[in-house]
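Below is one structure, written out as structure tokens; the observations come after it.
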Amino acid sequence: DTMCDHAFGANGYKRNFAFDPTDDKQKIIPLYSSDISAAWEVLEHLKNKGAEINVGFFAYWDCSIDYPIGCNWRAVAETAPEAICKAALLAVLEV
């Protein structure tokens, strides 16, 4: 059972923490759906597994992931990280 804590600071500082069951220490969880560098890590991971990825902006951010090849998962959102994470979740939940 993972316990998660959220930290917010007056200067905009936001972090999520959770206990790692392997060593029972609290670790930072990246803010994948709001931090573009963290969301890009998700895409790199899928790309290394052979996924074909397209991200673009057409009134909203759009992310399309072919993974496994032949299965297309698509999501739109107001921000690129959110669209990326939604599409990635769809792709990995179905595999």
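The table below lists the values:
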quantity: Projected label distance in nm at C71 and D35, using a 7 Å step from Cα toward the beta-carbon; calculated: 2.9
quantity: Reachable aspartates and glutamates from K47, criterion Cα separation under 19 angstrom, eight or more residues apart if same chain; calculated: D35, D62, D66, E82, E94
quantity: Accessible area of region 34-76 divided out per residue, in Å², using a probe of 1.4 angstrom; calculated: 66
quantity: Within-11-Å neighbourhood charge of A83 [Cβ basis; K, R +1; D, E -1]; calculated: -1
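The values are calculated or read from the model by the stated rules, or taken from the named source; none is laboratory data. All of these numbers come straight from a predicted model, not from anything done at the bench. No Cβ is skipped: glycine too gets one built from the backbone with ideal geometry, and neighbour counts run over all protein chains shown. All accessible areas refer to the heavy atoms of the entire protein, side chains included, with ligands and DNA or RNA removed. Shrake-Rupley method; radii C 1.70, N 1.55, O 1.52, S 1.80 Å.
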